[in-house]
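Notes follow once the structure below has been shown.
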């Protein structure tokens, strides 16, 4: 008996910190142009629950600077609110853009839980929400990704990275492309990415050392960084998690 085939999905972990509306819009635009579905992985972080059970655990509120008790019930309420709001907003965006969307629940941190999943899904890590200076650089009309960074490091996923960038470029979602390559690119790859009026910058001396890749993520100057999964080999989980938490832009790990 034949089984129904579903479109490949992009996995997005959703934890207690939530995801901004702008980042969700970017994710849905990407999924639509790449003809992918979305898998929203709703994560309850067991580490926060353990902290809340410790005696005298408190938190300092950002708005007032006052100290208040941090209890399991409060964390549970916050998790319920954040996950409900994110589900509702992502559901509206996916429906409006005709992108297939499913949700699953899991317990754990976003990095470990996302990477231990079976399948070959790409993984979208949104930037953490924090105070930032707004760039004064002009943004072209309709541009969702002002600066797209793409890493090519002689991995099995390099061709897929180029395909993703090409599709996003064709859709007019990208302002400028920055290619970070381990070696000089073939002319054919550049020709595929070129569009009149769009800028392409190439750096052809990228080191594949784990320390270089983790620093690239942490100090990312791109609105979206396309990163082959094989580039992450050799980076410890703690180092990668820290880099993703501090990254200023979105990261799409291409499987």
Query raised in the report: Do the conditions hold for residue 219, that is, is it in the same structural domain as residue 149 (by TED's automatic domain parsing) and closer than 24 Å to residue 34 by Cα?
Result: no
Query raised in the report: at pLDDT 90 or above and either assigned to a loop (DSSP other than H, G, I, E, B) or loosely packed, with under 13 Cβ neighbours inside 10 Å (or both), is that true of residue 84?
Result: yes
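Assess whether residue 204 counts as being surrounded by 12 or more Cβ atoms within 10 Å (Cβ to Cβ) and over 29 Å from residue 241 (Cβ atoms).
Numbers: surrounded by 12 or more Cβ atoms within 10 Å (Cβ to Cβ): yes; over 29 Å from residue 241 (Cβ atoms): yes.
Yes; evaluated as a whole, the condition is true for this residue.
For every residue, the table says whether it meets (1) within 25 Å of residue 24 (Cα to Cα); (2) touching a strand residue (DSSP E or B) at 6+ places or on another chain (Cβ under 8 Å); (3) assigned to a loop (DSSP other than H, G, I, E, B).
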| site | (1), (2), (3) |
| --- | --- |
| 172 | yes, no, yes |
| 177 | yes, yes, no |
| 180 | no, yes, no |
| 192 | no, no, no |
| 196 | no, no, yes |
| 207 | no, no, yes |
| 234 | no, no, yes |
Requested in this report: Find the residue count for the stretch 107-130, including only residues that are at pLDDT 90 or above and part of a strand (DSSP E or B).
Outcome: 4
Query raised in the report: What number of residues within the stretch 209-232 satisfy the criterion of being in a loop (DSSP other than H, G, I, E, B) and either out of contact with any helix residue (DSSP H, G or I) (no Cβ under 8 Å at 6 or more places or on another chain) or surrounded by fewer than 20 Cβ atoms within 10 Å (Cβ to Cβ) (or both)?
Result: 5
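Restricting attention to the stretch 23-52, report how many residues are surrounded by 12 or more Cβ atoms within 10 Å (Cβ to Cβ), at pLDDT below 90 and outside any strand (DSSP E or B). Even if it seems obvious, please write down each step before you answer.
Start the filter on the stretch 23-52 by keeping residues that are surrounded by 12 or more Cβ atoms within 10 Å (Cβ to Cβ), which leaves 23-34, 36-45, 48-49, 51-52.
Narrowing the set further to residues that are at pLDDT below 90 leaves 44-45, 48-49, 51-52.
The next check asks that each one be outside any strand (DSSP E or B); those that pass are 45, 48-49, 51-52.
Residues flagged as surrounded by 12 or more Cβ atoms within 10 Å (Cβ to Cβ), at pLDDT below 90 and outside any strand (DSSP E or B) within the stretch 23-52 amount to 5.
The values are calculated or read from the model by the stated rules, or taken from the named source; none is laboratory data. Note that the structure is a prediction, hence the values are computed from the model and not measured. Every residue, glycine among them, receives a Cβ derived from its backbone with ideal geometry; neighbour counts consider all protein chains shown.
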